[in-house]
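Worksheet for the structure shown next.
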Amino acid sequence: MMSEKRLLLLNGPNLNMLGTREPEHYGSHTLAMVEDDCTALATSLGFRIDCLQSNHEGELVTAIQNAIKTHDVIIFNAGAYTHTSIALRDALSLFDGIAIEVHLSNVYARESFRHKSMIAPVVNGVVAGFGAQSYLSAIHAASGLLQQQTKS
Ligand code: DQA
């Protein structure tokens, strides 16, 4: 098993409402359930995980800035800020670990304003459309990327 790496699971605005929020798009899992499932998987893959949700853009920027010094991986569902936030993009550009953008819904099958991501160009990859499973796939991807880096 690889040495313990630190993973930040970061969720943006309105994701605290999961479970009751538009279940046709976001499913029935609450944020606590998502965080529990991610914690179980991440721990089994050798990560130490921290979970944080904020409705405030500046708090998300600060969380990313703090993670630069402390974390190896950021799994990030920026919610609606995905489509608008140059500040989050700039913060993520400073993070030299692995960053993965996540969406529960398939944003490309929805309104056109959701087709544009400000942050996609500065992350390693994007997982969208698999409900709560998107987060778990992103954690698996991050683990695989870290293992590749260790080998090379
Ligand atoms: C979302 C998609 C965004 O367009 C939306 O604003 C969200 C959730 C998703 O997980 O599918 O808040 O990021």
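The values are calculated or read from the model by the stated rules, or taken from the named source; none is laboratory data. No experiment lies behind these values; they were computed from the predicted model shown. Cβ atoms come from the backbone with ideal geometry, glycine included; neighbour counts cover every protein chain shown. Just so you know, the surface numbers come from the protein's heavy atoms only, side chains and all, with ligands and any DNA or RNA stripped out. Shrake-Rupley method; radii C 1.70, N 1.55, O 1.52, S 1.80 Å.
Listed values, structure above:
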quantity	calculated
Protein accessible area in the chain, 1.4 Å probe - carbon and sulfur %	52 percent
Estimated D of the chain in µm² per second, where Rh is the Kirkwood radius over Cα pairs and Stokes-Einstein applies at 10 °C, 1.306 mPa s	104 µm²/s
Gain upon complete extension [Lys151, Asn16; 0.36 nm per residue less C-alpha separation]	44.8 nm
Amide N proximity, region 61-98 versus Phe113 label position 7 Å along Cα-to-Cβ, cut-off under 19 Å	78-89
Degrees between helix 31-44 axis and first principal axis of the chain (Cα, 0 to 90, nearest 10)	20 degrees
Angstrom value of the Kirkwood radius, inverse mean 1/r, which spans all Cα pairs in region 41-106	12.6 Å
Prolate/oblate/rounded label for region 1-58 (Cα gyration tensor, a/c 1.5)	oblate
Average accessible area per residue (Å²) across region 5-151 - probe 1.4 Å, nucleic acids and ligands excluded	46 Å²
Backbone HN-Hα couplings from phi across region 108-122 [Karplus 6.51/-1.76/1.60, Hz, Gly and Pro as x]	6, 9, 10, 4, 5, 5, 8, 7, 9, 10, 6, 9, 3, x, 10
Two-site label geometry, Glu24 and Asp96: point separation in nm, points 7 Å out along Cα→Cβ	4.7 nm
Helix axis angle, 133-151 relative to the chain longest principal axis, alpha carbon, degrees	30 degrees
